[in-house]
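> The structure that follows is given in the form of structure tokens.
The values are calculated or read from the model by the stated rules, or taken from the named source; none is laboratory data. If you're wondering where the values come from, they're calculated on a predicted model, not measured in any experiment. All Cβ positions, even for glycine, are placed from backbone atoms using ideal geometry, and neighbour counts span all protein chains on display. We work out accessible area using only protein heavy atoms, side chains counted, and drop any ligands, DNA or RNA first. Shrake-Rupley method; radii C 1.70, N 1.55, O 1.52, S 1.80 Å.
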Amino acid sequence: MSYKTKAYQTSGEDGALAPSIDDGSAQTTFHHGGAGGGVGGDAVGGVGSDEEKARAFASHHDDASSDDASDMSIRAILKGTAHKRMTTFERKAELVNEEINKFGFGRYQWCIWFLCGFGYFLDLAWAQGVGLVASAIYQEMGVPESNQGTIFSCANAGLAFGALFFGLMVDIIGRKWAFQLTCLICSVFGLLLAAPKYNYAAICGIYFLSSIGLGGNIPIDATIALEFLPQNRRNFVSLLSLWQPVGVVAASGIAYGTAAKYRCDTSLPSCHAVGAGEACCTVSSNMGWRYCLIVLGGTTLLVFFLRFFVFNFYESPKFLISKGRNQEAVDVLHKIARFNRAPPPALTVEQLDAIDAAAPSHEVGNRTTVKHVVRNFVGSFTHLKGLFGNRLQAFIFGLLAIAYMGDYWSFNLAGSFLPLVLLKYNVSNGQTSVTDTYREYVYIYLPGILGAVLALFSVSLPLVGRKWSLVFSAAMQGLAMAMYTQVRTTAGYVGLNAFEYIMQTYFNAVLYASAPELFDTVYRGSASGMLSCLGRLAGIVAPFAGEKYLASNSSGILWLGAGGIWLSAFSMIFLPVEMRNRQMY
């Protein structure tokens, strides 16, 4: 039996996608599902009751995918056309996709895109903000050099734990509550960061807790955006990464107006280190860093307020059908249609129930209630069997794990040691004053927006897509790190730093958007969270690996960083699935 391929063509003013059946020459559009069969309304049209239509619908799906075979050949892997058999859930998700495609990029989708973008904004705004105020904290509290890295170690540990925890939870409790809780946790503990007096340990502990909320942001936000955007606008998830350089620049501006202006003289010692009555760095003369953290915490609280009180966020329909809550999924689609002022969806609960009824017995049993989750918490993690029990999905996860770890490895080596290495070459970074320092942050980080824009367009290009965008951007990022060994001027430092950050944003934009769409809804959040956690752990280990090169005055640190991201590029060559023309379930 030969299989037809389902392609998607843009139709209508809203950019919605209309299904069309071709002769099989086009690339399969099913997410590792090969040429499985989804149908539009006409395929099961005709006259009859809803129940009769539903039975016909389920029968069509069953027939269309009965001979659907997996393909994990080397040729398929290199071409990006590897696939697996479609599951019952994927057949149902395909119907949800068709309804969301009809909505186009409507009002609801724009709200989702901006609210998820704010999560990306906060991710690097906090990292930059705390990095800029750290020296003022050290001075006021008399933190010795041997302990100054503790605050960042605590942050990285919190980010790793948060990515893992919320990544898993988003597939158990749902997208809605995880979406709200990440910002709430980050804002509450972020505001508390300004409270401690002469207690560096308390600051490190509070920052760890704040980072738990922050760590869940990107894997969750990318997951949510992908599940609500129409199939032909999934490239806009890559554009979310433009909010990261904006966050860095905004945090730099906040720090410039607070921590840089309301700070005690940098030559004064901590009041802990001198006797009573001697000049020292007092709390009242060093309030700038507290003002900065309060503004960042208040901004995060505002994002939570927008997500929870202003915008009515509905649970993901795909998550609902993955849990057997078909009626709720259909209800959500109707609510989105009303919000978008669009015609109501044609999908009925009877159609979804009919697919469930026709499912093989081993695929039944996804229905989960809050009561069951509470009683059988450990059993809630059974959804991970689909990730690690399937050869294709496990292979993809392994490749992406290498890509994430190489990315964070390279980033953290550069952040930790690049300024020190350049000083050994007698290269000035040009930061001769506070104003110069903050001006350079704008020069280096604002062009990162170009990286996100490059990602937006390149992932949709024929012959390029997600796969080769990842390979190219990672290779260029590694090249920039290797070229640091030849930098001998301030202009060269600033220019190359800007180029490296453009490529880094380009790579991250594609990676953060592509990783979630390569996995099914059932375990998408868990896979994204685990990948992010592995990346964070690699970032924690990287500085320890680079220390010996620093001691030997070697440029090996730069080659170590370049090697990490080049390993990411090499692994992506073998990415077996190209999602440019495929559905995401």
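> Which far-off residues, 5 or more places away or on another chain, put their amide H under 5 Å from the one on Cys281, with H placed in the peptide plane?
Answer set, sorted by chain and number: Ser270, Cys271.
> Tell me, what ³J(HN,Hα) does each residue in region 225-234 have, in order and in whole Hz, if you take phi through Karplus 6.51 cos²θ - 1.76 cosθ + 1.60 with θ = phi - 60° and put x for Gly and Pro?
Coupling constants for region 225-234: 4, 4, 7, 10, 8, x, 4, 8, 10, 5 Hz.
> I'd like the FRET efficiency for Arg75 and Lys548, computed as 1/(1 + (r/R0)^6) with the beta carbon distance as r and R0 of 45 Å, rounded to 0.05.
Working: r = 43 Å, r/R0 = 0.95.
The calculated FRET efficiency here is 0.55.
> Can you work out ³J(HN,Hα) from phi for every residue in region 537-547, in order, using Karplus 6.51 cos²θ - 1.76 cosθ + 1.60 and θ = phi - 60°, giving whole Hz and x for Gly and Pro?
5, 4, x, 5, 6, 3, x, 5, 5, x, 4
> If you count only protein heavy atoms and use a 1.4 Å probe, how large is the accessible surface of Thr282, to the nearest 10 Å²?
Approximately 50 Å² for this residue.
> Within region 147-221, list the trypsin sites (Lys or Arg not before Pro) lying in a DSSP loop whose Cβ has at most 16 other Cβ atoms in a 10 Å radius.
When the trypsin sites (Lys or Arg not before Pro) of region 147-221 are filtered for loop state and at most 16 Cβ neighbours within 10 Å, Lys197 remain.
> Taking the Cα-to-Cβ direction at Leu384 and at Ser285 and moving 7 Å from each Cα, how far apart do the two end points lie in nm?
In this crude label model, Leu384 to Ser285 measures out at 5.3 nm.
> Explain nothing, just compute: Karplus ³J(HN,Hα) = 6.51 cos²θ - 1.76 cosθ + 1.60, θ = phi - 60°, for every residue of region 121-135 in order, whole Hz, x for Gly and Pro.
Once θ is set to phi - 60°, the couplings for region 121-135 become 4, 5, 4, 8, 5, 5, 4, 5, x, 5, x, 7, 9, 4, 4 Hz.
> How big is region 154-225 by Rg and Dmax over its Cα atoms, in Å?
Rg, Dmax (Cα atoms, Å): 12.7, 42.
> Now a separate question. Skipping prolines and chain starts, which residues have an amide H placed within reach, meaning under 5 Å, of the one on Arg85, given they are 5 or more residues away or on another chain?
Ser70
> A follow-up question, please. Can you tell me how much longer the chain between Ala195 and Phe309 gets when fully stretched, taken as 0.36 nm per residue apart minus their C-alpha distance, in nm with one decimal? Could the numbers behind the result be given before it?
Numbers: separation 114, 0.36 × 114 = 41.04 nm, distance 2.69 nm.
Stretched out fully, the Ala195 to Phe309 stretch lengthens by 38.4 nm.
> Now for a different question. Would you kindly state how much longer the chain becomes between Arg439 and Thr150 on full extension, computed as 0.36 nm times their sequence separation minus their alpha carbon distance, in nm to one decimal? Provide the component values of the computation, followed by the final result.
On the way: separation 289, 0.36 × 289 = 104.04 nm, distance 2.79 nm.
Length difference between fully extended and current span is 101.2 nm.
> Right, here's the next one. Tell me which residues come under 5 Å, amide H to amide H, from Asp171 once H is placed; ignore anything under 5 positions away on its chain.
Close amide H contacts, sequence-distant or interchain: Ser526.
> Here's something else I'd like to know. Please give me the summed charge of the neighbours of Glu500: other residues whose Cβ is under 15 Å from its Cβ, Lys and Arg +1, Asp and Glu -1.
Values: positive: none; negative: Asp407, Glu440.
Every neighbour counted, the sum reads -2.
> Using 0.36 nm times the number of residues separating Gln486 and Arg341, minus their current alpha carbon distance, what extension gain do you get? Let's see the in-between values first.
Values: separation 145, 0.36 × 145 = 52.20 nm, distance 5.76 nm.
Separation in residues times 0.36 nm, less the Cα-Cα distance, equals 46.4 nm.
> If you don't mind, there's one more thing I want to ask. In nm, give the distance between the simple-model label positions of Ala357 and Trp177, each being 7 Å from the Cα along the Cα-to-Cβ direction.
The modelled label-to-label distance comes out at 3.2 nm.
> Within a Cβ distance under 15 Å of Arg290, other residues only, what is the Lys/Arg minus Asp/Glu net charge?
Numbers: positive: Lys197, Lys261, Arg263; negative: Glu140.
Charge balance in the 15 Å sphere: +2.
> Please go through region 264-331 and write out the GluC sites (Glu not before Pro) that DSSP classes as loop and that have at most 11 other C-beta atoms within 10 Å. Write down the numbers at each step before the final one.
Values: sites: Glu278, Glu315, Glu328; in loops: Glu278, Glu315.
Of the GluC sites (Glu not before Pro), the ones in loops of region 264-331 whose Cβ has at most 11 other Cβ atoms within 10 Å are Glu278.
> Sticking with this structure for a sec: Considering only DSSP states other than H, G, I, E and B, which trypsin sites (Lys or Arg not before Pro) in region 479-550 qualify as loop sites with at most 13 other Cβ atoms within 10 Å? It would help to have the intermediate numbers written out before the result.
Values: sites: Arg488, Arg524, Arg536, Lys548; in loops: Arg488.
Those satisfying the criteria are Arg488.
> Separate question: If the limit is 27 Å between Cα atoms, which of Lys92/Lys385; Lys102/Lys176; Lys335/Lys467; Lys84/Lys176; Lys176/Lys385 go over it? Kindly include the intermediate steps, with their values, before the conclusion.
Details: Lys92/Lys385 20 Å; Lys102/Lys176 23 Å; Lys335/Lys467 35 Å; Lys84/Lys176 29 Å; Lys176/Lys385 23 Å.
Check vs 27 Å cut-off fails for Lys335/Lys467; Lys84/Lys176.
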